[in-house]
Structures are given as structure tokens and as C-alpha cells.
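K.L.:
Here's a structure for you.
The values are calculated or read from the model by the stated rules, or taken from the named source; none is laboratory data. Note that this is a predicted model, so its numbers are computed, not measured. Cβ placement follows ideal geometry from the backbone for every residue including glycine, while neighbour counts extend to all protein chains displayed.
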Amino acid sequence: MIVEWQKSAAEYAVCYVESGMVVGLGSGSTAAFAVRRIGQLLRTGRLQRIRGVPTSRAVEALAREQGIPLTTLERDPAIDVTIDGADEVDPHLNLIKGRGGALLYEKIAAWSSRREIIVVDESKLVQKLGTRAPVPVEVVPCARAVVALALSELGGEPALRERDGAAAPTDEGNLILDCRFDGIDDPSGLDRAISAIPGVVEHGLFLGLASMVVVAGREGVRVLHARGCRMGAGGDATDAW
């Protein structure tokens with residue numbers, strides 16, 4: 001059921017993609033449905049002259065498989081629309097992202113986008129960030145212990161992300177510390193505190209970046225719009241849950 005909701009949300013979001021656009025291609029299982037839909041529309045001619053900006057090596061491979069022409073932020077530094085997923089969404093449309101390990105490039109793409117559309121199933125909606133998902137923190141390898149200690153002092157419980165019994169590096173060769181908090185009362189304050197730790201490359205708090213969130217669930221698809229969104233703004237949603 002959840003997979004069908006994810007597919008519905010992603011394909012609905014593709015309705016906002018128009019021919020000639022530069023499109024940010026988010027990483028993760030939900031965003032992958034959007035990539036496949038864009039590829040399908042290109043093949044049938046309903047979309048044309050699309051240039052995709054992939055946010056990870058995995059989504060780059062999927063986009064090539066789907067026949068989506070690719071570009072880079074070096075060539076196209078302004079993205080018209082990005083479609084991406086999220087691990088948590090709060091009532092202000094602030095997010096936790098990064099379960100797929102691509103948080104650095106996802107945040108760069110989000111910041112560069114005129115419109116950031118987040119696609120989720122209803123299980124990702126929370127009243128307070130940090131109640132279900134950890135905050136991923138990308139760190140340079142030599143700073144792992146230093147950053148872990150600092151995150152602990154901020155009230156978190158950091159754990160090295162592993163795969164097959166070994167550290168799971170990001171596309172940039174860094175490490176990820178998944179940091180659990182017992183709910184985050186001040187997302188903006190935590191954003192600033194984590195960013196200030198030497199050795200931190202990026203973290204998974206995406207505040208004020210989502211223009212809209214497409215949510216699919218038991219009652220179908222609904223769209224939540226943000227007011228005053230931009231980094232750190234914590235814009236309110238025009239709809240709530």
C-alpha cells in the first residue's frame with residue numbers, strides 16, 4: 001500500500017514539470033517513481049527538451065536508463081523544479097532528509113531550485129521533527145570522533161551508518177552519522193549548532209526549502225503549500241494535518 005502511495009505522490013508531482021525545464025532529480029525510492037514518469041513522458045513526446053540534474057550516482061544511472069538528458073549545476077546553476085522525497089515532514093514543511101545518503105547534493109539542488117516539491121506517503125508526516133527519523137550528519141572521515149562527541153553534547157545519539165558491516169561512504173567519500181534526538185524542539189537552533197561543528201560537511205535538516213509537499217495516503221493525494229519558504233525561514237503550511 002505504501003509503495004502505491006509513494007508512486008501516486010511522485011507521479012502527481014511530475015504534473016508540475018514542463019517542456020524545456022531544468023529538473024532536479026531527487027534520490028530515494030519515492031523520487032525514483034518521478035524519474036521513471038519523466039522518462040515515460042519524454043519517450044511519448046509529452047515532455048520535450050528536459051535537462052535533468054541528478055542528486056546521486058544512483059539516480060544518475062536511473063535517469064540514463066530512462067533516457068533523460070542530463071546536465072550539471074555547473075552548466076545550469078538555476079533549477080526550475082526539483083522533485084525529491086523526505087524522511088519526515090513537520091507542519092511547517094521543514095524536513096529531515098538523507099536516508100539515501102545523498103543529503104549534500106540534495107540540499108545544494110534544493111537551494112538552487114525555484115520550486116522544491118517534496119513527495120511522501122502520509123506516514124512521513126510528524127508533528128515534531130526527530131520523532132521517528134534520525135538526522136543524518138555527513139562528516140569528513142578524520143573528524144568522525146570529534147563530530148560524534150559534539151553531537152552527543154547537543155543531546156543526540158550518533159551512530160555510524162554502515163553497510164555490510166563496514167562504514168557506508170557517501171558519493172563524496174565522506175561518512176554519515178545518523179543522530180537520533182528525542183524530538184527536536186528548535187530545528188533552527190539545531191541547524192546552526194550542527195553546521196558550526198568543524199568537520200561537518202552537511203546535515204539532513206532541510207528548513208524552509210520545500211515549496212510544496214505532495215502527500216499520498218488513505219484519502220488520496222493532497223498538496224501542502226509553504227508560505228515564506230527559504231533556508232531557516234520555517235515557513236508555515238497553508239494546509240495542516
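K.L.:
Among (1) crowded, with 16+ Cβ neighbours inside 10 Å; (2) within 17 Å of Gly24 (Cβ to Cβ), which single condition is Arg114 missing?
P.N.:
Looking at each condition in turn, Arg114 falls short on (1).
K.L.:
Could we say that Arg57 is surrounded by fewer than 19 Cβ atoms within 10 Å (Cβ to Cβ), farther than 23 Å from Asn174 by Cα and basic (Lys, Arg) here?
P.N.:
For Arg57, the condition - surrounded by fewer than 19 Cβ atoms within 10 Å (Cβ to Cβ), farther than 23 Å from Asn174 by Cα and basic (Lys, Arg) - is not met.
K.L.:
Scan the range 130-146 and report the pairs whose first residue is in contact (Cβ under 8 Å) with a residue 12 or more places away in the chain and whose second residue is in a helix (DSSP H, G or I) and among the hydroxyl-bearing types (Ser, Thr, Tyr), with Cβ atoms within less than 9 Å and a gap of 6+ or a chain change.
P.N.:
Arg132/Ser123
K.L.:
Condition first: without any contact (Cβ under 8 Å) to a residue 12 or more places away in the chain and either in contact with a strand residue (DSSP E or B) (Cβ under 6 Å, 6 or more places away or on another chain) or farther than 17 Å from Met212 by Cβ (or both). Now tell me which residues in the range 5-58 satisfy that.
P.N.:
Correct list: Thr44, Gly45, Arg46.
K.L.:
For the range 204-228, give me each residue that is assigned to a strand (DSSP E or B) and touching a Leu at 6+ places or on another chain (Cβ under 7 Å).
P.N.:
Within the range 204-228, Leu205, Phe206, Met212, Val213, Val215, Leu224, Ala226 meet the criteria.
K.L.:
Now for a different question. Could you check Arg43 against (1) in a helix (DSSP H, G or I); (2) buried (at least 17 other Cβ atoms within 10 Å of the Cβ); (3) not β-branched (Val, Ile, Thr) and say which number it fails?
P.N.:
For Arg43, the exception is condition (2).
K.L.:
When you scan the range 57-156 for strands (runs of 3 or more DSSP E) that lie fully inside it, which ones turn up with 3 or more residues that are touching a helix residue (DSSP H, G or I) at 6+ places or on another chain (Cβ under 7 Å), under 17 Å from Ala13 (Cα atoms) and of a type in the set (A, V, I, L, M)?
P.N.:
Correct list: 79-84, 113-121.
K.L.:
I need every pair where a residue in the range 170-184 that is closer than 17 Å to Val126 by Cβ has its Cβ under 8 Å from the Cβ of a residue that is of a type in the set (Lys, Arg) and surrounded by 15 or more Cβ atoms within 10 Å (Cβ to Cβ), sequence separation at least 6 or different chains.
P.N.:
Asp178/Arg161; Gly183/Lys128; Ile184/Lys128
K.L.:
Would you mention how many residues in the range 212-237 are among the small types (Gly, Ala, Ser), modelled with pLDDT of 95 or more and buried (at least 21 other Cβ atoms within 10 Å of the Cβ)?
P.N.:
1
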